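All remarks here apply to the structure that follows.
The values are calculated or read from the model by the stated rules, or taken from the named source; none is laboratory data. Worth saying up front: this structure is predicted, and the values here are computed from it rather than measured. Counting neighbours? That spans all protein chains shown, and the Cβs are built from the backbone with ideal geometry, glycine included. Note: accessible area is taken over every heavy atom of the protein model, side chains too, but ligands, DNA and RNA are not part of it. Shrake-Rupley method; radii C 1.70, N 1.55, O 1.52, S 1.80 Å.
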Amino acid sequence: MLKRTNTGSSPADRLQTERIDLERFDEPVYVTRPYLPPFDEFVDGLKEMWGNHWLTNNGPVLKRYASLLGRHFGTDNVCLFNNGTLALQLGLQGMGISGEVITTPFTFVATTHALFWCKIRPVFVDIEPDYFTLDPEKVEAAITPWTSAILAVHVFGYPCRVKELADIARRHKLTLIYDAAHAFGVEVGGKSIAHYGDMSMFSFHATKLYHSMEGGMLVFRDAGLKQTFDYLRNFGFRNEVEVVMPGTNAKMMEMQALMGTLVLRHIGELTSKGQAIEAIYRERLADVPGIRIPPPLPPEIRYNYGYVPVEVDEADFGMSRDRLYEELRKLNVHARRYFYPLVPDFACYQNVQTRDPLTVARRVAERILTLPTYSGISAETVERICLYVGEIRARAGTRA
Ligand SMILES: *Cc1c(COP(=O)(O)O)cnc(C)c1O
């Protein structure tokens, strides 16, 4: 499929000297594609639901799933929701967070929306250049008497500076909350990422590495919160005749719990496949000037390989990130600009006052491109994408 016209050169200068036909992929290559467990396993699970006519409201599949996750994370302090956004929103509400919360502009917009629905003012501060997580120094500088919490994001599953953030939170008596939507399976120092901070939210949306079709989970330190979260996700019902708080409907249903149970059996394969894909990108893009992959993570971190974000340096690459994005789309490769625009640049947050100039976040948002990775992608497809990126650059250079 790949036609090479100049063979025999070393791999290092191959991208410069060989001409590669930019042949469009027949099938679209999306940035991700949900993993699906063996169909028969799902059908077997459905039989239980068809047998007992129990589809939602804390049914047997959900209960088993919750205890499975409890064992997986080594804690009883877990609560399941119908999606990650409501998990985070109700988590903030249940913990009584108010006033100002220091957070990141470089995230999926749901992080900030959760604050909005709790009438909390987001205070955006800058991120760090290597792994795009909150810069602890900027966090500390933004603390005011109204600050109640820090809401940090393990963006792309890259762990935040958990020790520095914990230290700041302790010294200033702030609650430390993590949006761990991307970080299922990530460990720091041999410990699950869920055990850092006061509370972590995981999203099980179909586009995440680990999923339950739709779904969300809170893992939290204070066992006393469990009851509150259970009320909040189910209209505040204590029993048939008592409503103890104005809750909402955020329950996970049986079919989600079934999918989550089955995908959990395969989480090891999903991360090792992701690791193999990342290794190809890392090797093949290393020699393409203007493409930067985040450096390998330090050994104390076990990564989940859910995303392959790269930065495109326009000067070195010879074209902008947006041009590369368009060129790849023409070839049926649908990389995504996660996370661009920055949250404070969306119309609904433009009136939020931000003192921090967000220098790094602005630069990263202009350069970031998230490349396709998922369990069903072939090594050949990934290699071809890398060759295409190199060739697109070579042609841009020729034109310049
Ligand atoms: C996906 C995502 C969410 C929202 O999760 P849902 O389950 O889709 O509601 C929140 N934060 C981040 C960073 C996400 O990527």
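Side notes on the structure shown:
- By accessible area with a 1.4 Å probe, ligands and nucleic acids excluded, highest first: order of Arg302, Arg384: Arg302, Arg384
- Based on protein heavy atoms only, the range 39-264 ends up with 41 Å² per residue of surface accessible to a 1.4 Å probe.
- Every helix of 4 or more DSSP H residues in the chain counts as -39500 (n - 2.57), and over all residues that averages to -11500 deg cm²/dmol at 222 nm.
- Surface accessible to a 1.4 Å probe, Ser192 within the full protein complex, Å²: 30 Å²
- By a 1.4 Å probe calculation restricted to protein chains, Val186 has an accessible surface near 0 Å², given to the nearest 10.
- Equivalent ellipsoid, the range 196-287 (semi-axes from 5 times Cα gyration tensor eigenvalues, Å): 37, 15, 10
- Within the assembled protein chains, the solvent-accessible surface assigned to Leu225 is about 20 Å², based on a 1.4 Å probe.
- Net charge dipole size for the chain [Lys, Arg +1 and Asp, Glu -1 on Cβ; Debye, nearest 20]: 220 debye
- As computed over the range 39-264, the Cα convex hull volume per residue (Å³): 117 Å³
- Computed over protein heavy atoms with a 1.4 angstrom probe, the accessible surface ordering of Arg233, Arg64, largest first, is Arg64, Arg233.
- The alpha carbon gyration tensor of the chain gives principal lengths a ≥ b ≥ c with a/c of 1.5 or higher and a/b no greater than b/c, which makes the shape oblate.
- For the chain, the antiparallel share of DSSP beta bridges with both residues in that region comes to about 60%.
- With Cα atoms, 0 to 90° folded angle of helix 379-399 axis to the chain main axis: 60 degrees
- Put simply, the amide H of Arg238, placed in the peptide plane, has neighbours under 5 Å in Val243, Val244, leaving out anything fewer than 5 places away on its chain.
- Within straight-line reach of Lys273, meaning a Cα separation under 26 Å, sit the following lysines at least 8 residues removed in sequence or on another chain: Lys191, Lys208.
- Computed on protein heavy atoms with a 1.4 Å probe, the accessible areas place His182, His195 in the order His195, His182, largest first.
- Pairwise centroid distance, computed over Cα atoms, of the range 234-258 with the range 96-139, Å: 28 Å
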